[in-house]
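The values are calculated or read from the model by the stated rules, or taken from the named source; none is laboratory data. Bear in mind that the values here come from a model prediction, so they are computed numbers and not experimental data. So basically every Cβ, Gly included, is an ideal-geometry build from the backbone, and we count neighbours across all protein chains shown. SASA here: full protein model, heavy atoms, side chains in, ligands and nucleic acids out. Shrake-Rupley method; radii C 1.70, N 1.55, O 1.52, S 1.80 Å.
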Amino acid sequence: MAIKLSVREKAFLKLVKKASLTNPFTDELVETECQISKLSKNAKRVERIETARYEIEKIVVKLEQEKRSNFTLYEDEEDQVLVKYALLFQAFTLFRKKFDALIYKQFRDNTNLTVDFADEAIGLLEKQGFIKIDAVKYFALFFQMRRAFFFIYKELIGSSNVMKKLRRNLWDSVFTYDIELYEKYLLNKMQDFSTLMLGERGTGKSLAARIVGSSSFIPFDIKTKKFQANFNELFIALSLSEFSTQDIEKEIFGYENKKEKYEGVLQKCSQYGAIFLDEIERLPFSVQMKIVSLLQDRLFLPVGSRKKEHFKGRIIASTENSLFTDKKNTIFRDEFLSRLSSDIITIPPLRERIKEEPKELDELLISILSKLGVEYNKELTKSLKKKIKEQLGQFYLWNGNVKELEQCVHRILLKGEYKGDNFENSYGEMEKFCSAIKKENLTAKELLSRYCKILYQSHKTIEEVSKITQLDRRTVKKNLSL
C-alpha cells in the first residue's frame, strides 16, 4: 500500500511549509503561526511560537510512530515536499538553541570552533531520508538562518513600521524574497548581488551592511566538524573618508612593486564574505569605473601589478539618499550606480522613526544605556527623555540620527545637558534647503514646513518660530509635524 498524507495532514503541512519559507519579520508569518497554533494575533509572541512548534512536533512524532517520517517513501511528489519541510522545520527547531549558543561562543572566540552537535543533527536528517550531501547543506543553512535572524533581531532596535520594513529588507537581501529559490539556485551565488545602503549621516548604514555581510552561507566541513569560515571575519569595512584620494585606490585594490606588496580589502576578503565601501561619493571617477569592471568580470588589477586577481566576495556600499537621488549629480558615473544597485536598502532617519512610533525613543535609550553596562532603569530612562524634550524640544530634527542620540545621552549623563549641535544642524539643513529651492522642486507646503523646522532647530520653541514667521502657533506645530 502506497504511503500518503491524509487531506487534513496535507492542509496542515502546507501551513508548515509556508512558515518555513516566510520572511520571519513579516506579518504574513504571524498569520501563519496563528493558523498553526490556533491562537489569535493578540496572544503573546512566545506563546504563539511555542504552541506552533508543539503542533508541528506532534504531527512529526505521529508520522514517526506510523513509520511515515521518511519523506522519500511517499509516491506523491507534493507529499514528499510537504513532509520534507516538516522534518526540516522540526530539526531546525530542535537545534536552534545549540546554534544560538554557538553564535554567542563564536563572538567571544577568534578561532573557528568545532561544532560538537553536528553529527547528531546531520545524522537525524539522514535517518529521515536526506542524503548526506543534502543533510550537510541544510545544517549549514540552519546556521545561516539562525545567524541572520540573530543579527537582525538583536541589533536593530525599534518597533516603528519603517524599522520593521528595514528588517524585512535585510532578510531578503541575505536570502532573497523566496528562500526556496535561494536554497535551490542561489546559495553560493549571492556574491554577484551588490547592495547599496542609503541613509543620512548616523542612521546606521554600516550596521545594516555588517548584518548582511556577516550572514552569508558558510559551508560545513564534516571531516573537521567546523564551518569553513569564522563569521566574525567575513565583513571588512573601509571608511573612504579616512583616506586621501590617492590612497583610496590602493586600499581597495592593493598595490605591489619590487620592494613590497600591500593587500587591499579585495584581497583580504573571504569568498564567503563582503567588503563595505562607506561614503562612495569620495571615489574618483577612475576608481568607480574600475569597480564597474570588477563587478562585470570579478577580476581586478592591484596598483603597480600586471597580473589580474579574482574577487570572490560581495560588495556593499553606502551613500546619502540626497546624493543618490540628485538627478544633476556630478559625483557618480551612471554605470557605477547601476552596477551597485542590485539591491537598494534605505535606512530611515531617527526623526521619522520617532514620529511614526514615539515609544521608539524609549527603546533606543534603553539600548544605549545597556551598551554602557547600565541595566534597565525606568526612572533613569524617564529622566533622560524628559531632559531631551526640555532641552531640544519635541520636533528636534536629529540630523546626526542614532549616533547623535548616543552622543546626547553621553553628554546628559556627564554634564546634565545637551543643547544639540546647533551650528552643524542648522547650517547643514539650511544648505540642503537652499539647494532644494535652487532646483525648483519644492511645493509651497514643503517650503513652509522645512523653513519652520530649520527655525525650530535653532530656537527650540514653537512660540519663537511663530513670532519669526508671523504664523499662529497651531500652524507652526502642524508644519513641524509634517
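Per-residue surface analysis assigns Lys359 an accessible area of about 110 Å², computed on protein heavy atoms at 1.4 Å probe radius. The angle separating the long axis of helix 27-37 from the principal Cα axis of greatest extent in the chain is about 40 degrees.
Size descriptors for segment 42-98 (Cα atoms only): Rg and Dmax, in that order, 12.9, 40 Å. For segment 147-285, taking the reciprocal of the average inverse distance between every pair of different Cα atoms yields a Kirkwood hydrodynamic radius of 16.8 Å.
Relative to the longest principal axis of the Cα atoms of the chain, helix 401-415 runs at roughly 70 degrees. In segment 217-342, a dipole from Cβ-located charges (positive for Lys and Arg, negative for Asp and Glu) runs towards its positive end, and of Thr330, Thr245, Ala229 it is Ala229 whose Cα lies farthest in that direction.
A protection proxy built from the mean count of other Cβ atoms within 10 Å ranks the segments 125-131, 469-475, 12-18, most packed first, as 12-18, 125-131, 469-475.
Students often get this wrong, so try it: which of (i) 90, 50, 45; (ii) 75, 51, 41; (iii) 86, 67, 43 is Cα extents along the principal axes in Å as calculated from the structure shown? Correct label, based on the coordinates given: (iii). From helices alone, the chain scores -18000 deg cm²/dmol at 222 nm; the rule is -39500 (n - 2.57) for each run of n ≥ 4 DSSP H residues, then divide by the residue total.
Rolling a 1.4 Å probe over the heavy atoms of the protein chains gives segment 1-105 an accessible area of 57 Å² per residue.
Amide H contacts for Asp76 (H built 1.01 Å from N in the peptide plane; partners 5 or more residues away or on another chain; cut-off under 5 Å): none found.
Restriction of the GluC sites (Glu not before Pro) in segment 1-99 to DSSP coil positions whose beta-carbon has at most 15 other beta-carbons within 10 angstrom yields Glu66, Glu75.
In the chain, the longest principal axis of the Cα atoms and the axis of helix 444-459 are about 80 degrees apart. When the accessible area of the chain is split by element with a 1.4 Å probe, what percent falls to carbon and sulfur? Whole-percent figure for carbon plus sulfur exposure: 50.
Solvent exposure of segment 314-360, expressed per residue, is 52 Å² of accessible area, with all protein chains present and a 1.4 angstrom probe. The alpha-carbon of Lys225 sits under 12 angstrom from the alpha-carbons of these aspartates and glutamates, leaving out residues fewer than 8 places away in its chain: Asp116, Asp119, Glu120. Counting only Cβ charges, +1 for Lys and Arg and -1 for Asp and Glu, the dipole size of segment 265-352 around its Cα centre is about 480 debye.
Just so you know, the Cα atoms of segment 326-394 work out to an Rg and Dmax of 18.8, 53 Å. Label-to-label distance for Ile222 and Lys378 is 5.4 nm, based on points extended 7 Å past Cα in the beta-carbon direction. Under a no-solvent Debye model with one identical scatterer per Cα of segment 251-317, what's log10 I(q)/I(0) at q = 0.20 Å⁻¹? So the normalised log intensities are -0.82.
Restriction of the chymotrypsin sites (Phe, Trp or Tyr not before Pro) in segment 322-408 to DSSP coil positions whose beta-carbon has at most 11 other beta-carbons within 10 angstrom yields Tyr376. For the listed residue pairs Lys10/Lys132; Lys165/Lys382; Lys67/Lys98; Lys127/Lys189; Lys98/Lys164; Lys355/Lys477, the alpha carbons are over 19 angstrom apart in Lys10/Lys132; Lys165/Lys382; Lys67/Lys98; Lys127/Lys189; Lys98/Lys164. The calculated FRET efficiency for Ala237 paired with Asn110, based on their beta-carbon distance and R0 = 22 Å, is about 0.80. Taking the centroid of alpha carbons for each part, segment 329-351 and segment 33-61 are 40 Å apart.
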